[in-house]
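Below is one structure; the comments refer to it alone.
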Amino acid sequence: MMLAYRLARQLAHPSGLPGRLLGNAMDVVNRKPTRLAVDLLAPDEGEAVLDAGCGTGAAMAELLARTDCLVTGADASATMLEAARQRIGARASYIEAKLEDLALPDATFDAVLALNVLYFEDSNHAMLHRIHRLLKTGGRIVAYVTDRQSMENWSFTREGFHRLFDRDALCAAFADAGFAQERIEVHEVAITRSVTGLLARAWRS
């Protein structure tokens, strides 16, 4: 049980060498979700894109490999931001902050990528509310979480750090944060034979 708690805590806020090693492992596990999410986001040249909860910078590297966009990585973990800086260097900007506390002007970004971070939303969806305000009118977000049914039997998800989502709950979270209901879509995707993921895309009206 202690191992499950430590894993859940590191996933919520990676730190030190264990956090760095876990981040590297998650990059491998999340290769398919990252690729699918960037496909769905379809970044355009010159767009300002926020990688919300950027981790080691794997998704930022994928974005920059697709097109010449202006990428900002934000993460509450100094350990993860240092890993992202080592990977990406001066090709991106970096902010160390909780996503709900990002001190940036409203309507800063054309697009937001949020991979495996909505597990750590509070009950008021403060993270998604802040992202909604950071998007320009007509801007879009693509988010990925693993479906509740795939995650609920994993021991670390019972340690109180993770909020689990099914399709309806994910749609409701975006609607509660201000995204127009008719502009929210959630796709179920097979990650492995036993793991189903949820890819969401929503626009700021």
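For the stretch 165-205, the Cβ-based charge dipole about the Cα centre amounts to some 180 debye (Lys, Arg positive; Asp, Glu negative; other atoms uncharged). Contact order for the stretch 1-152, expressed relative to its length and based on alpha carbon pairs under 8 Å spaced 6+ residues apart, stands at 22 percent.
Taking the DSSP beta bridges with both ends in the stretch 2-203, the antiparallel portion is around 40 percent. For the chain, the mean residue ellipticity at 222 nm estimated from helices alone is -11500 deg cm²/dmol, where every DSSP H run of n ≥ 4 contributes -39500 (n - 2.57) and the total is divided by all residues, rounded to the nearest 500.
With a cut-off of 9 Å between beta carbons, the residues surrounding residue 8 carry a summed charge of +2, where Lys and Arg count +1 and Asp and Glu -1. Residues considered: 83, 97, 25. Largest GNM mean-square fluctuation over the chain, using C-alpha springs under 10 Å, is found at 25. In this simple spin-label approximation, residue 167 and residue 194 carry label points 7 Å from Cα along the Cα→Cβ vector, and these lie 2.4 nm apart.
Each residue in 154, 203 was given a count of other beta-carbon atoms within 10 angstrom of its own, and listing them fewest first yields 154, 203. For all pairs of alpha-carbon atoms in the chain, what percent lies in each bin of width 5 Å, listed from the first bin to the last filled one? Going from the shortest bin to the longest, the percentages are 1, 8, 16, 21, 23, 17, 9, 3, 1, 0. Test of understanding: in a Gaussian network model of the chain with alpha carbons linked when under 10 Å, which of 34, 137, 56 would top the mean-square fluctuation ranking? Highest fluctuation among the options: 137.
Put in line by how crowded their Cβ is, counting other Cβ atoms within 10 Å and starting with the fewest, 128, 40 read 40, 128. With a Förster radius of 45 Å applied to the C-beta separation of residue 13 and residue 182, the computed FRET efficiency comes to 0.80. When 13, 132 are sorted by how many other C-beta atoms sit within 10 angstrom of their C-beta, beginning with the fewest, the order is 13, 132.
For the stretch 99-205, the calculated P(r), taken from all Cα-Cα distances in 5 Å bins from zero up to the bin holding the longest distance, is 2, 13, 24, 24, 18, 11, 6, 2, 0 percent.
Every number here is computed from the coordinates shown, using simple stated rules; none is lab data. The model shown is predicted, which means the values in this text are computed figures rather than measured ones. Note: ideal-geometry Cβ built from the backbone for every residue, glycine included; neighbour counts use all protein chains shown.
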